[in-house]
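The values are calculated or read from the model by the stated rules, or taken from the named source; none is laboratory data. Keep in mind the model is a prediction, meaning the values are calculated, not measured. Glycine also receives a Cβ, built like all others from the backbone with ideal geometry; neighbour counts cover every protein chain displayed. Side chains are part of the model used for accessible areas, which takes the heavy atoms of the whole protein and leaves out ligands, DNA and RNA. Shrake-Rupley method; radii C 1.70, N 1.55, O 1.52, S 1.80 Å.
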Amino acid sequence: MFSVLSVKDMVTIYIDSKPYEVKPDQNLLQACLTLGFDLPYFCWHPAMHSVGACRQCAVKLFKDEKDTRGRIVMSCMTPVAEGMRLSVDDAEARSFRASVIEWLMLNHPHDCPVCDEGGECHLQDMTVMTGHVYRRKRFPKRTHRNQYLGPFVNHEMNRCIQCYRCVRFYRGIAGGRDLNVFSCHDNVYFGRHEDGALESEFSGNLVEVCPTGVFTDKTLKRHYTRKWDLQTAPSVCVHCGVGCNTIAGERYGSLRRILNRHHRDVNSYFLCDRGRFGYEFVNSEKRIRSATCLPFSASGGKPHGEESRKIGKQAAVDQITKILASAKGVIGIGSPRASLETNFLLRKLVGPENFFAGLSDTEHRLVARIVAILREGPARTPSLQDIRAADAVLVLGEDAPNTAPLLALAIRQSVRNKQFEIAAKMRLPAWDDNAVRNSGAGARSPLFVATPYATRIDDIALRAFRADPVGIARLGFAIAREIEPSAPELPLAADGTGQDIPALAREIAAFLKAAKHPVIVSGTGCLNEQVLAAAANISRALCLAGPSAQLSFVLPECNTLGSGLLGGRTLDEAFTRMQDGLADTVIIAENDLYRRAGRREVDAFFRKARHVIVLDHLRNPTVERAEIVLPAATFAESSGTLVSSEARAQRFFQVFLAEGDVQAGWEWFDDLQRSMGKQPPGSETRLDDVTALLGREFPLLAPASSAAPPASFRVAGQKIPRQSHRFSGRTAMTAGADVHEPKPADDADTALAYSMEGHEGAPPPALTPRYWSPGWNSVQALGKSPQETGEETNSGESGVRLIEPTGSAPGYIGPETIGSEDWEATVAPPRYRIFGSEELSMQAPAIAEMARRAEDIPRQATGGNASHE
Amino acid sequence: MLSILKSLWTVLVTMFRKRVTIQYPEERPYLPPRWRGRIILSRDPDGKERCVACHLCSAACPVDCIALQAAEDETGRRYPAFFRINFSRCIFCGYCEEACPTYAIQLTPDFEMGEYLRKNLVYEKENLLISGQGKYHGYSFYRVAGLAVGGKDKGEAQNEEKPVDVKSLLP
Ligand code: SF4
Ligand code: SF4
Ligand code: SF4
Ligand code: SF4
Ligand code: FES
């Protein structure tokens, strides 16, 4: 399935005298790992390639069949070649590897029992693998002082083995500047020049990149749990529209941590700090755990200042049924941060004509435009992998590092393609990291950043252009005209920025035209439709002119595009309907309306509403206005489907059973439908049924059903266990309350089980609850499954793309077709912050702390959707 | 016939043998210190809790009857916030003691744990933690480990050098 290369493209190498077919562009280490050999290594990393720093991956290489002496080489620095003969098992190579571990361990502290890496430590695994058991060194150990690195990452320098992975990631991949290697000889020190929070928004990846316990997750430390004790499930990040794949882990009813789940086309090996550390909102004090109701509401009117009381699941459903039956008109307001299923069942409950998407009005308009552009335009939305492969990128109006961090990281990786190009010309292998960097000598593929404010990718941009949204749109229109003269024009008024738009447009157009894989990145960030039109026109012009341009729109929330595809009316209409008395009851699903519209309008709306029913996870201003509050499950306590900005539908899976009355939004709405008699009693609605029904009503969303294997999926007749085979405490964890252990819960919605029992091997990527392979307990086990070594990872069926362009659009978008409000920029465009602009992650203490720090720097405007205030 | 006589003879001879049955509970048997009975958590020579909440005992337990949660005091010393053993499940195999890197968890020669109610066999940390060192004297994990905890800085553990001066470039 994963062999797109024909056998001719493969070379034969002999490992311990047995022939194997391998891909020619690999190094020996990659080849051996792909073939399933247990070859220890430290400094090689599939995303950071080889530098040959640790000397751990030694194998013996022979000249030919007759050569019996051979020589030791570093497998990660040796390209494979036809007919090559090597030995992994050779006694000398083995003892060399054992000695290397012994040297690395000379000064290693006696820390494993109190080390957060323990149990998922690559160093532990490699030490066991090479058979180094006893310390022979009698002399004192070298020690280091640790640094304070902020609320995300813990530092314990004594455990370092000098593999240089941390600085290679932090500086070489993430573009950070404040982590480096200091000192000399065997004293080298990896840290900052002084104590202080790490500045890069990708600092959390150090936790996974570092093969030892030097960098560990500080948020995990506060509720520490070993990897084997976590109940885990594959999930999708809910903190922006990129839709990174994650693994979420729970213990004792609270969410403990987020790890990266590899997806070649999306996040690959990395996550941003908002996604990695934002999870703690799930454990927040502000969580709503029980269904509550204000007293006497049945008698009509909404009493103020009364304490609401807990009424329980069934009573809540009954009461809402009563309210809905007698309502004069019901409005349902969905949410871009709720799953497709939740939005869809709310829409079914209230009827399509009464369903409102729940986006702010500006956003609603922009998203509708984006959906149209993506469906009808000639340009395809690139996956993050496509962006990483781009050879020219134009960012038009989007502060990607703050609104779509991983997309910004993909852009940062794309500018290195020039280096790879130069290296390829010099016949250097792409995996030889130092050689590639030296030969490239800092060469970069062209990147242009046109945004209202400075961004954190300006440092790698060929040109950064600052203007208000209209100025940015002007530049965009001008670029399109430069590429293809029939593109429409936006009159070039003096924009006051003093920048020469025509010259810049000419330069950008030339680079884009010369590129083979140009990518245009725009988004809703500027809140301006002209900017979107400009981006669409550029991509259209490029497609007409030749190269296959791709067009990516950044959307703010995890299911904004899903909301856009489901349609629904605007919030403004909902407000009008209530004011006109056409409706008196409103059901709001996982949405804080105060983030979507001005305070006065929302207040007026609630004042007019007779019954307000709100479903959400956390207390927020909207919940405060509700008569009946239903507790909704977060991403960790429910399963569902989200549509990322790339238009990729991805399934997130329930990690643990929620306490109290908490259940998924779609389960609440199903209960309500049932109690209103809209569903045959006795029947059961499962997740797959909802997704299938959704597909029937929205053909465009039909592929969402295959975003992940269905609930009936089995491997060798078995489900995928959420618990590791070493999961501990099963007969003691609940014994404090009741000595009789409960029966493990069934999961009828998914192919995962709340159990240690089930299929042990590697499940399909969309169902991967953890990475583990015999002898490989760390995240490096990812490299052990045959399809997933190196960049050639085959991610299989993990998520599906919903939109492929039809090219049916009649032509360019004329600027005059866009409402006048986007012609003149009267308000300053919002400023976004990776920590602070997103609602849910701000309830995580570590993120809130970082946001407070950023707060100290004076700023002009608030970010996020609150910009309507 | 012959076998009956043989049996009678055996009984007769055995009557004059030394008795092994003792009058428990008035009389108590000798149990060696390494007998595997009721589990305790011990303290280090400084009187501090030895358990560092590493979760190795719970992972080793074949019946999964140990559950705990790690916590850290303000000086960075790790300890179990709760530690529970469900003795109604425990099979006294001693794997936990074998797995423990700190000598914290130890089995003792006490088997008198009969209860009428099963739930009384669920022991929490306050039921498990004793005030002494148990069978193994003198060992303190934190004196060996490289972690800085209250009262012990970097470079002050056994066999450690003073922390290196990162700013120095001397060979
Ligand atoms: S880094 Fe690994 S080997 Fe070192 S103390 Fe931590 S768990 Fe043990
Ligand atoms: S801190 Fe970790 S990643 Fe960095 S060199 Fe040391 S062991 Fe390697
Ligand atoms: S880039 Fe977005 S989706 Fe990815 S980890 Fe960060 S917040 Fe989550
Ligand atoms: S093995 Fe020992 S130190 Fe570790 S948790 Fe168990 S009792 Fe505590
Ligand atoms: S992995 Fe080959 S030298 Fe480090």
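Here are some notes:
- Charged neighbours of A:ALA372, selected by a Cβ distance under 14 Å, balance to +2 (K, R count +1; D, E count -1).
- Estimated FRET transfer efficiency (A:ASP746, A:THR806; beta-carbon r; R0 41 Å; 0.05): 0.45
- With a 10 Å cut-off around each Cβ of B:57-67, the average count of Cβ atoms from other chains is 6.
- All Cα pairs of the protein assembly as shown, percent lying beyond 57 Å: 19
- Electrostatic dipole magnitude of the stretch A:5-105 [Cβ: Lys, Arg +1; Asp, Glu -1; Cα centre; debye, to 20]: 180
- Per DSSP, loop chymotrypsin sites (Phe, Trp or Tyr not before Pro) in the stretch A:204-243 with at most 11 further Cβ within 10 Å: none
- The modelled label-to-label distance between B:TYR116 and A:THR576, using points 7 Å beyond Cα along the C-beta direction, is 7.6 nm.
- Cα centroid of the stretch A:708-764 to Cα centroid of the stretch A:33-105, whole Å: 39
- Whole-Hz Karplus values for the stretch B:40-56 come out as 10, 10, 9, 10, 7, x, 8, x, 8, 4, 7, 4, 10, 6, 8, 6, 6 Hz, taken residue by residue from phi with 6.51 cos²θ - 1.76 cosθ + 1.60 and θ = phi - 60°; glycine and proline positions read x.
- The residues of the stretch A:378-558 expose on average 33 square angstrom of accessible surface per residue, using a 1.4 Å probe on protein heavy atoms.
- Viscosity 0.692 mPa s, 37 °C: Kirkwood-radius Stokes-Einstein D of the stretch A:107-283 over Cα pairs, µm²/s: 191
- Measuring from each cysteine beta-carbon in chain B, the ones with no other cysteine beta-carbon under 4.7 angstrom are B:CYS51, B:CYS54, B:CYS61, B:CYS65, B:CYS90, B:CYS93, B:CYS100.
- The mean sequence distance of close C-alpha pairs (under 8 Å, at least 6 residues apart), as a share of the length of the stretch A:378-558, puts its relative contact order at 30 percent.
- Those residues of the stretch B:66-110 whose amide nitrogen sits under 20 Å from the label point placed on B:LYS48, 7 Å along Cα→Cβ: B:69-83, B:100-106
- Each residue of the stretch A:335-347 was assigned a 3J(HN,Hα) from its phi angle through the Karplus curve 6.51 cos²θ - 1.76 cosθ + 1.60 (θ = phi - 60°); the sequence is 7, x, 10, 9, 5, 3, 5, 4, 4, 5, 6, 5, 4 Hz, with glycine and proline shown as x.
- Residue order for A:ILE813, B:ILE4 - accessible surface, 1.4 angstrom probe, largest first: B:ILE4, A:ILE813
- Residues of type lysines that A:LYS286 reaches as a straight line, Cα spacing below 25 Å, ignoring anything fewer than 8 places off in the same chain: A:LYS218, A:LYS221, A:LYS302, A:LYS310, A:LYS313
- Test item: Cα-centred dipole of the protein assembly as shown, Lys/Arg +1 and Asp/Glu -1 on Cβ, debye: 2740
- Taking amide H as placed 1.01 Å from N in the peptide plane, A:GLY118 has no amide H partner under 5 Å among residues 5 or more places away or on another chain.
- Sorted into 5 angstrom bins from 0, the C-alpha pair distances of the stretch A:9-69 split as 4, 15, 26, 24, 20, 9, 2, 0 percent.
- Ellipticity estimate at 222 nm from DSSP helix runs (n ≥ 4, -39,500 (n - 2.57)) divided over the protein assembly as shown, nearest 500: -7000 deg cm²/dmol
- Under 5 Å, built H, 5+ apart or other chain: amide partners of A:ARG380: A:LEU551
- On full extension, the segment bounded by A:GLU194 and A:GLU659 gains 163.0 nm, given 0.36 nm per residue less the C-alpha separation.
- Residues B:LYS154, A:LYS218, sorted by accessible area with the largest first, give A:LYS218, B:LYS154 [1.4 Å probe; ligands and nucleic acids excluded].
- For the peptide A:183-190, the mean number of other protein chain Cβ atoms found within 10 angstrom of a residue's Cβ is 3.
- Here A:SER798 sits with roughly 10 square angstrom of accessible surface, probe radius 1.4 Å.
- 3J(HN,Hα) couplings calculated from phi for the stretch A:448-456 with the Karplus curve 6.51 cos²θ - 1.76 cosθ + 1.60 (θ = phi - 60°) are, in sequence order, 10, 10, 10, 9, x, 10, 4, 10, 7 Hz; Gly and Pro show x.
- Structural descriptor for chain B: relative contact order 25 percent, calculated from alpha carbon pairs under 8 angstrom and at least 6 residues apart.
- With the whole protein complex present, A:ASP671 retains an accessible surface near 50 Å², based on a 1.4 Å probe.
- Estimated from the Cβ-Cβ distance and a Förster radius of 22 angstrom, the FRET efficiency linking A:ALA692 and A:GLU760 is about 0.15.
- Solvent-accessible ranking of B:TYR123, A:TYR170, A:TYR148, largest area first, probe 1.4 Å: A:TYR148, B:TYR123, A:TYR170
- Length released on extending from A:ARG171 to A:GLU421, taking residue separation times 0.36 nm less the Cα-Cα span: 87.9 nm
- Accessible surface of A:MET426 - all protein chains present, 1.4 Å probe, nearest 10 Å²: 110
- As a fraction of the 1.4 Å probe accessible area of the protein assembly as shown, surface on carbon and sulfur atoms comes out at 54 percent.
- Relative to its Kirkwood radius, the Cα radius of gyration of chain B gives an Rg/Rh of 1.23.
- Sequence-separation-based contact order of chain A, relative, with Cα cut under 8 Å and 6+ spacing, percent: 16
- Taking amide hydrogens as placed 1.01 Å from N in the peptide plane, the amide H of A:GLY523 sits under 5 Å from those of A:VAL554, each at least 5 positions away in sequence or on another chain.
- Fully extended contour minus Cα-Cα distance, from A:VAL181 to A:ASN434, at 0.36 nm per residue: 89.4 nm
- Considering only A:ALA702, A:THR143, A:VAL395, the residue lying farthest towards the positive end of the dipole of the protein assembly as shown is A:THR143, judged by Cα position with unit charges set on Cβ.
- FRET efficiency, 1/(1 + (r/R0)^6) with R0 45 Å, evaluated for A:ASP738 and B:VAL20 via beta carbons: 0.60
- Take the accessible area of chain B alone and of chain A alone, subtract that of the pair, and you get about 3700 Å² summed over both chains, using a 1.4 Å probe.
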